[in-house]
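*Asks:* What follows is a single structure, and I will ask about it in a moment.
Where a number appears in this text, it was derived from the coordinates with a stated rule and is not lab data. On a predicted model such as this, the values are computed, not experimentally measured, just so you know. No Cβ is skipped: glycine too gets one built from the backbone with ideal geometry, and neighbour counts run over all protein chains shown.
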Protein chains: 2
Amino acid sequence: MGEYSDNTGIGENEDLDEETLFVVSQTFKALGDPTRIRILHLLFQHEYSVNQIAENLHLRQSTVSHQLRFLKNLRLVKNRREGTTLFYSHDDEHVINLLKQTIDHAFHS
Amino acid sequence: MGEYSDNTGIGENEDLDEETLFVVSQTFKALGDPTRIRILHLLFQHEYSVNQIAENLHLRQSTVSHQLRFLKNLRLVKNRREGTTLFYSHDDEHVINLLKQTIDHAFHS
DNA sequence: TTATAATATGAACACATGCTAATATAAGCA
DNA sequence: TGCTTATATTAGCATGTGTTCATATTATAA
């Protein structure tokens, strides 16, 4: 078999450098926790405040805040301040699409 | 903005039932480890034996075997026996595509 | 059967992860 | 200023995860 014989044009045989490997694993790790999935899934629709997320998903404020910091560090969500309230929304279309695809795939199987 | 106004047709507002949540998080968890990513990435090309994988990626035979069992439990890889040798290959196009997409995205950014 | 090669398994360990309670910070208002 | 609301942070704990060494299993061949 010849090298580089694939047809999709999507990163087939490129060697995985350390940085890419790190980014990719971090990305999937972010999506590998049920709580974070539920938060991101909620944010599919529109922005929510921290407390709104906590109420909606029956989680502690502290838990939500921690996970939002995690997601924000990876630039998967952003926020907007209004007085003392912070509204969070998603901030990475690619990752949101990964999640949508996978939910869809799991749901219809 | 009206409800259900999205254009992708991909699972927007469906409620996340426990089972879907579990499957999705398991799937991403599988892709959330550098070693498993490297193994799956190697298997993009073609099948490899356990020892071949270990040599290629500079991992212990035991480590590779453990991770392959993990991936096999999730039906992300399959194997084929030839004498005492087991050849592993990927077995989930959807997940492989997720990985390809994400590597591609991370690599060209 | 015995020996050998390839792979799988089990136990132990270090480390990472996620949640919680308590507290701190920040912004708005009386 | 002091009070309230909303969010962030810190430390601690329990659980999960990935690797390793040692050993077991499986299949083949002499």
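*Asks:* With no solvent and one equal point scatterer placed on each C-alpha of the protein assembly as shown, evaluate the Debye formula and give log10 I(q)/I(0) for q = 0.12, 0.13, 0.18 Å⁻¹, two decimals.
*Replies:* So the normalised log intensities work out to -0.69, -0.79, -1.30.
*Asks:* Output, in nm with one decimal and in ascending order, the distances from the A:THR35 label point to the matching label points of the other copies (7 Å from Cα along Cα-to-Cβ).
*Replies:* With the label placed 7 Å along Cα→Cβ, A:THR35 yields 2.6 nm.
*Asks:* I want to check the label-to-label distance for A:GLU55 and A:GLU14. Put each point 7 Å from Cα in the C-beta direction and report it in nm to one decimal.
*Replies:* With each label point 7 Å from Cα toward Cβ, the separation is 4.5 nm.
*Asks:* Now for a separate question. What stretch of chain A, leaving out the sites themselves, is the longest with no trypsin sites (Lys or Arg not before Pro) in a DSSP loop having at most 14 other Cβ atoms within 10 Å?
*Replies:* Maximal segment without exposed cleavage sites: A:1-59.
*Asks:* Now a separate question. If I take every Cα pair under 8 Å that is 6 or more residues apart in chain A, average their sequence separation and divide by the length, what percent do I get for the relative contact order?
*Replies:* This gives 22 percent for chain A.
*Asks:* Please report the projected area of the range A:35-107's Cα convex hull averaged over all directions, in nm².
*Replies:* Averaging across all directions leaves 4.7 nm² for the Cα convex hull.
*Asks:* Another question, if that's okay. Do the alpha carbons of any pairs in A:LYS72/B:LYS78; A:LYS78/B:LYS72; A:LYS29/A:LYS78; B:LYS72/B:LYS100 sit beyond 28 Å of each other, and which pairs?
*Replies:* A:LYS72/B:LYS78; A:LYS78/B:LYS72, as the Cα separations exceed 28 Å there.
*Asks:* Tell me the Kirkwood hydrodynamic radius of the range A:10-64 in angstroms, computed as one over the mean inverse distance between distinct C-alpha pairs.
*Replies:* Result for the range A:10-64, one decimal place: 13.3 Å.
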